[in-house]
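Please read the structure below before turning to the comments.
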Amino acid sequence: MTDKLIIFDTTLRDGEQSPGASMTKDEKLRIARQLERLRVDVIEAGFAASSNGDFEAVQSIANAIKDSTICSLSRANDRDISRAAEALRGANSSRIHTFIATSPLHMEKKLRMTPDQVLEQAKQAVRFARNLVSDVEFSPEDGYRSDMDFLCRVLEAVINEGATTLNIPDTVGYAVPELYGNFIKTLRERVPNSDKAIWSVHCHNDLGMAVANSLAGVKIGGARQVECTINGLGERAGNCSLEEVVMAVKTRRDYFNLALNIDTQHIVAASRMVSQTTGFVVQPNKAVVGANAFAHASGIHQDGVLKARDTYEIMRAEDVGWSANKIVLGKLSGRNAFKQRLQELGVSLESEQEVNVAFARFKELADRKSEIFDEDILALVSDESVTADKEQYGLVSLSQHSETGERPRASIVFTVDGKEVRGESDGNGPVDASLKAIESLVKSGAEMVLYSVNAISGSTESQGEVTVRLQNSGRVVNGVGSDPDIVVASAKAYLSALNKLQSKADRVAAQG
Ligand SMILES: [Zn+2]
C-alpha cells in the first residue's frame, strides 16, 4: 500500500512573517480558497493569539474553508491555546499547533527556562490543547539544534499527552539533507511510542536546501508531513517551497512512492496570487512556477520539444496550470463573460458589489488596452481596493511631464479619508516626481527599500505591475499597483503601501 504524504501549507503564517509580506484578512481568505482548490491537506491560517487581526483572519478562514484542515499556531500556554481553539471553532476540521523551543541556546537565552521546565510546559500545553481539539501538533522550536536525548524525552512525553503530529523544525536553515534525514530517523527509532504520531518536517532555506532537506526527512527519516509555502515565501531565504516538493514527489513517484492529495493544475494560479498579493516577485528561473521553468515557455529547445516532448521536459506545463497567454476578453465582453472568466480562474469575489467594482475596472482597462489576458484579470482583482473597506489613501488622477533635458514634474490628486488633495513635485524621473508629490502632503517619513516594475504579460503593451516596499519605525510593508501606465502603477503601489503602514498591527513574533 502506498503511504500518503500530508501537505501542510504555512504561507499564511510562516510565509506571512516575512517582512513586507503581511496580508489583509480578505487577501488571506482569497489565498486560503486557492489552497483549498489546490487540495492542500492542512492550511496553517495564522497565529490567532498574536493580534486581533490574526485572530479574525484565522476565524474567517475556519468558517469559509470546508475541505482542508485549518490550523492555528500557538505558544505553549493556556491563553494562546484557548484563543486558537476559539478562532477555529467554525472549522469542519481543526488543528492546534503548539510550540516551545528545545535547543540549549533558545532555552537559556530566549526562554530563560531549565530543560525540565520546558518539558513540563510542553506536556501541559499538549494536554490542554487535546482537551479542546482532537488534532494537536507539537513543534520543538529549533529542534534540529537540540540535544538528542532531551528531544527524545520531550517527544515521548508529548505523544503520551496526545500529540498527533510531531514536527521537527530546522528553524535556522542549518541542516544538510543526509544529516537531517538521519536525525528524523534516529528520533523515530529512539522515541518508544513514535508510531503513535505522524512525523513532520519544517525546513528553512538559508543554505538553499529546504526542499532537499524536507525530502530527505521524508525518504530517509520516514516523515509523512511536509510543511511548506507557495513560492517558498518566508523570512530570510524563505521556507520549503510547496510546488517543488509536490512536483518532485509526483514526478519521481518511482523513487518516493507516496500518494498526494494535491491538484497540481492550480499551482501556477496559487503562485501568481501569492506573488501579486505580497509583491514578492517570482524569479524567472524558479523551478515549476518561474516564467522560464518550462522549455517551450522560454523559447529554448523549442525544436527538440516540438519533435518529441520528453527530449527536454520531465513534467508537462499544463499539469501545473501553465497555459499560453490567451486573449480572453476585450472591450465588448459583458459582465457575465467577466464573471465566468473569474470563476474559471478560481477567483470568487465575496459580493455582487465586489463584482461590480472589479467589472468597472475591467471596462476601464479594456478601453485603454485592447487585449485582456488572464494575468490582467488576476492583477485587477488582487488590487486590494476591490475588496478592502475604506482605505485612507486613494488615487484620483495624475499628470506628469517629462522631456529630454528638462527636469520632470508631476501633479497628483488623491483622497485622504475621502477628501481630495493635490500635490506637486519635481524629481529625477516622472515616477520619482509623482511619489515625491504624494510624500509632500503625506509626510510619512517612510524609507523606500524596494521599487520594482514588472510587465504582467511580457510586452510593452502589457500592464506594468509595480511593487513598492516601505520601511517606517521598524515596520516593513509592500504595496502593489498595476496599470498600463507605469507612473500611475507606481503611484497606486505607493498609496497602497502607505495604507498598509497606517493599519497598525503590533503582533507577537513567532519562530518555528
Ligand atoms: Zn518556520
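The values are calculated or read from the model by the stated rules, or taken from the named source; none is laboratory data. Keep in mind the model is a prediction, meaning the values are calculated, not measured. Note that we place each Cβ from the backbone using ideal geometry, even for glycine, and neighbour counts take in every protein chain shown.
Taking the stretch 1-11 as the search range and keeping residues that are out of contact with any His (no Cβ under 9 Å at 6 or more places or on another chain) and outside any helix (DSSP H, G or I), which one is surrounded by the fewest Cβ atoms within 10 Å (Cβ to Cβ)?
My answer is MET1.
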When both residues are 6+ apart or on different chains and their Cβ atoms are under 9 Å apart, which pairs have a first residue that lies in the stretch 14-32 and is over 13 Å from GLY238 (Cβ atoms), and a second that is small (Gly, Ala, Ser) and within 16 Å of the ligand (Cβ to nearest atom)? LYS28/ALA45; LYS28/GLY46; ALA32/ALA45
Here the qualifying pairs (Cβ atoms under 8 Å; residues six or more apart or on different chains; first in the stretch 333-346 and on the phi > 0 side of the Ramachandran plot; second at pLDDT 80 or above and surrounded by 14 or more Cβ atoms within 10 Å (Cβ to Cβ)) come out as GLY346/ARG33; GLY346/GLN34; GLY346/ARG37; GLY346/HIS266; GLY346/ALA269
Does SER348 count as at pLDDT below 85 and within 28 Å of LEU395 (Cα to Cα)? yes
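Matching residues to (1) touching a helix residue (DSSP H, G or I) at 6+ places or on another chain (Cβ under 9 Å); (2) in contact (Cβ under 8 Å) with a residue 60 or more places away in the chain:
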{"position": "ALA85", "(1), (2)": "yes, no"}
{"position": "SER93", "(1), (2)": "no, no"}
{"position": "HIS97", "(1), (2)": "yes, yes"}
{"position": "ILE100", "(1), (2)": "yes, no"}
{"position": "MET107", "(1), (2)": "yes, no"}
{"position": "PRO115", "(1), (2)": "yes, no"}
{"position": "ALA122", "(1), (2)": "yes, no"}
{"position": "PHE128", "(1), (2)": "yes, no"}
Would you tally the residues in the stretch 420-453 being under 17 Å from LEU470 (Cβ atoms), in a strand (DSSP E or B) and of a type in the set (Asp, Glu)? 1
When the stretch 12-38 is examined, which residues are found to be out of contact with any Asp or Glu (no Cβ under 8 Å at 6 or more places or on another chain), within 16 Å of the ligand (Cβ to nearest atom) and in a helix (DSSP H, G or I)? GLY15
Could you tell me how many of the residues in the stretch 134-175 are under 26 Å from the mean Cα position of the chain (by Cα) and away from the ligand (no atom under 16 Å from the Cβ)? 3
Does SER50 meet the test of being crowded, with 21+ Cβ neighbours inside 10 Å, over 13 Å from the mean Cα position of the chain (by Cα) and within 16 Å of the ligand (Cβ to nearest atom)? yes
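Among ASP9, ASP41, which is the only one that is within 14 Å of the ligand (Cβ to nearest atom) and at pLDDT 95 or above?
Residue meeting the stated conditions: ASP9.
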Checking GLN463 against (1) farther than 30 Å from ALA49 by Cα; (2) modelled with pLDDT of 90 or more; (3) not basic (Lys, Arg), the condition it does not meet: (2)
How many of the residues in the stretch 132-172 are charged (D, E, K, R) and farther than 17 Å from ASP195 by Cα? 6
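Where in the stretch 178-276 are there helices (runs of 4 or more DSSP H), lying wholly inside it, with at least 3 residues that are within 16 Å of the ligand (Cβ to nearest atom) and buried (at least 23 other Cβ atoms within 10 Å of the Cβ)?
It comes to 210-219.
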Can you find, within the stretch 147-175, the residue that is surrounded by the fewest Cβ atoms within 10 Å (Cβ to Cβ) among those that are within 23 Å of ALA216 (Cβ to Cβ) and either at pLDDT below 95 or of a type in the set (Lys, Arg) (or both)? VAL172
